[in-house]
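Remarks on the structure that follows.
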Amino acid sequence: QVQLVESGGGLVQPGGSLKLSCKASGLAVNFNTMRWYRQPPGKQREWVASITAGRDPRYTDPVKGRFTISRDTAKSTIYLQMNSLKPEDTAVYYCNCLNGDFWGQGTQVTVSW
């Protein structure tokens with residue numbers, strides 16, 4: 001049974017940093033394309049970043065240079081390091097495995113004074 005569990009969200013001031021984690025069970029994170037999505041308030045879910053089995057990271061333009069996706073195979077965990085956060089980064093962040101289209105429950109990130 002595949003399970004993805006996100007954590008690490010919270011309230012942060014503009015310019016701050018957060019590191020999200022996605023703990024995976026029932027799948028091998030090093031053999032799958034893993035992705036982060038987000039859903040801002042009142043908007044549709046949008047793709048944020050991906051990391052393939054070959055460690056080829058991709059990012060949506062608004063987060064390039066600020067966010068970093070990474071993988072710890074030993075811990076079966078995907079990370080999203082978010083720096084220089086902006087109010088427009090406020091959203092529920094979701095972890096996804098492309099193969100099988102598995103999703104986590106999401107973690108809230110709020111960027112505000």
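Overview of results
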quantity: Candidate lysines for bridging to LYS19, where Cα separation is under 20 Å - those fewer than 8 sequence places away on the same chain excluded; calculated: LYS64, LYS75, LYS86
quantity: Linear extension gain, TRP103 paired with GLN3, 0.36 nm per residue minus alpha-carbon span; calculated: 35.2 nm
quantity: Unpartnered cysteines - no second Cys beta carbon under 4.7 Å - across the chain; calculated: CYS97
quantity: HN-Hα J in Hz across the range 7-23 - Karplus 6.51, -1.76, 1.60, θ = phi - 60°, x for Gly and Pro; calculated: 7, x, x, x, 9, 9, 7, x, x, x, 10, 9, 10, 8, 10, 10, 8
quantity: Only Lys, Arg (+1) and Asp, Glu (-1) charged, at Cβ; the chain dipole about Cα centre in debye; calculated: 140 debye
quantity: Within the accessible area of the chain (1.4 Å probe), percent carbon and sulfur; calculated: 49 percent
quantity: Neighbour count of at most 16 Cβ within 10 Å plus DSSP loop: longest trypsin sites (Lys or Arg not before Pro)-free window in the chain; calculated: 1-42
quantity: Gyration tensor verdict on the range 66-107 (Cα atoms; rounded if a/c is under 1.5, prolate if a/b is larger than b/c, oblate otherwise); calculated: oblate
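The values are calculated or read from the model by the stated rules, or taken from the named source; none is laboratory data. These numbers come from a predicted model, not from an experiment. Every residue, glycine among them, receives a Cβ derived from its backbone with ideal geometry; neighbour counts consider all protein chains shown. Calculation scope for accessible area: heavy atoms of the full protein, side chains included, ligands and nucleic acids excluded. Shrake-Rupley method; radii C 1.70, N 1.55, O 1.52, S 1.80 Å.
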